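One structure is given below, encoded as structure tokens.
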Amino acid sequence: SARTSRAYKYGVTGDANDREMLKSAMIGVYNLMTIASGVGGTITRASDGQVVAGRPGLPVRAFVAEDDPLFAGNSDVSVGRPDVYRYEGTIMGNPARRRYLIKAPVSRDQVNGLMLGIMAEHEVLLARNDLADWRAEMARAVVTFLETYIKNGWKVIDLDGKATVDGDFKNLKKNPNILFPNLSWLKVGAWISGNDHLRRKYRDKVEKYFG
């Protein structure tokens with residue numbers, strides 16, 4: 001992915017501009033993984049203004065500033081869609097209150113991409129002993145996602161309170177396209193955070209399905 005390439009580029013060059021691009025990408029991903037919590041603002045259904053409870057640990061597919069002209073008329077974030085929500089508040093990197101449109105739900109492939117990029121960024125920054133505060137922030141966001149996901153019975157629960165279309169993974173053994181990504185998510189989360197619970201969950205799944 002572009003984020004992975006950007007991370008390894010900084011790992012090779014050590015260039016200040018590459019570092020800033022990596023940090024900017026990390027802020028964007030952090031917001032993707034935390035905006036649905038509603039912390040720092042309010043979430044409503046864009047179509048009718050109904051207030052929706054925030055869901056810590058829920059990554060979203062995308063979010064855009066509502067007044068960004070680049071996305072004017074974009075059907076993916078049309079306020080009439082049932083899977084589009086409005087968040088009014090602050091996000092990391094922008095302390096001013098602003099209105100954002102959230103596109104849900106997140107897909108399994110997108111979570112795979114998020115985890116791959118997070119792993120590469122952590123690897124590079126750990127090797128350079130750099131941005132320890134940001135490594136810790138990302139680790140907390142990943143742990144919150146995984147712990148919530150496990151608590152919900154290996155399901156990604158969307159802002160509407162239902163499992164996302166590709167977010168019901170309780171039958172892990174039946175489909176390797178589900179089992180292996182789940183193992184990789186647990187492995188990445190345990191590695192970047194040192195979280196003992198995630199380590200145990202990873203070992204338990206490996207032993208259960210591979211002996």
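Below, the figures for the structure above:
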item	result
From Val106, Val79, residue being more than 15 Å from Thr42 (Cα to Cα), hydrophobic (A, V, I, L, M, F, W, C) and within 20 Å of the chain's Cα centre (by Cα)	Val106
Wholly within the stretch 1-119, strands (runs of 3 or more DSSP E) carrying at least 2 residues that are in contact with a Leu (Cβ under 7 Å, 6 or more places away or on another chain)	62-65, 84-91
Residue match in the stretch 174-184 (condition: open to solvent by less than 10 Å² (accessible area, probe 1.4 Å) and not in a strand (DSSP E or B))	yes
Residue match in the stretch 3-12 (condition: open to solvent by 70 Å² or more (accessible area, probe 1.4 Å) and in contact with a Ser or Thr (Cβ under 8 Å, 6 or more places away or on another chain))	no
Conditions (1) in contact with an Asp or Glu (Cβ under 9 Å, 6 or more places away or on another chain); (2) at pLDDT 95 or above; (3) open to solvent by 20 Å² or more (accessible area, probe 1.4 Å); (4) closer than 14 Å to Pro59 by Cα; number of the one not met by Glu147	(1)
Failed condition for Asp130, given (1) touching a residue at least 24 places away in the same chain (Cβ under 8 Å); (2) part of a helix (DSSP H, G or I)	(2)
Answer residue from the stretch 84-101, given it is in contact (Cβ under 8 Å) with a residue 40 or more places away in the chain and farther than 20 Å from Val29 by Cβ and is least open to solvent (accessible area, probe 1.4 Å) among those	Arg86
Any pair with Cβ under 6 angstrom, 6 or more apart, that starts in the stretch 58-75 at a residue that is under 23 Å from Thr34 (Cα atoms) and ends at one that is of a type in the set (Phe, Trp, Tyr) and surrounded by 10 or more Cβ atoms within 10 Å (Cβ to Cβ)	Phe63/Tyr100; Val64/Phe71; Ala65/Tyr100
Flag for Met119 being open to solvent by 40 Å² or more (accessible area, probe 1.4 Å), at negative phi and out of contact with any Pro (no Cβ under 7 Å at 6 or more places or on another chain)	yes
Filter result for Gly49 (buried (at least 19 other Cβ atoms within 10 Å of the Cβ), among the small types (Gly, Ala, Ser) and on the phi > 0 side of the Ramachandran plot)	no
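The values are calculated or read from the model by the stated rules, or taken from the named source; none is laboratory data. Just so it is clear, the model here is predicted, and its values are computed rather than measured. Every residue, glycine among them, receives a Cβ derived from its backbone with ideal geometry; neighbour counts consider all protein chains shown. All accessible areas refer to the heavy atoms of the entire protein, side chains included, with ligands and DNA or RNA removed. Shrake-Rupley method; radii C 1.70, N 1.55, O 1.52, S 1.80 Å.
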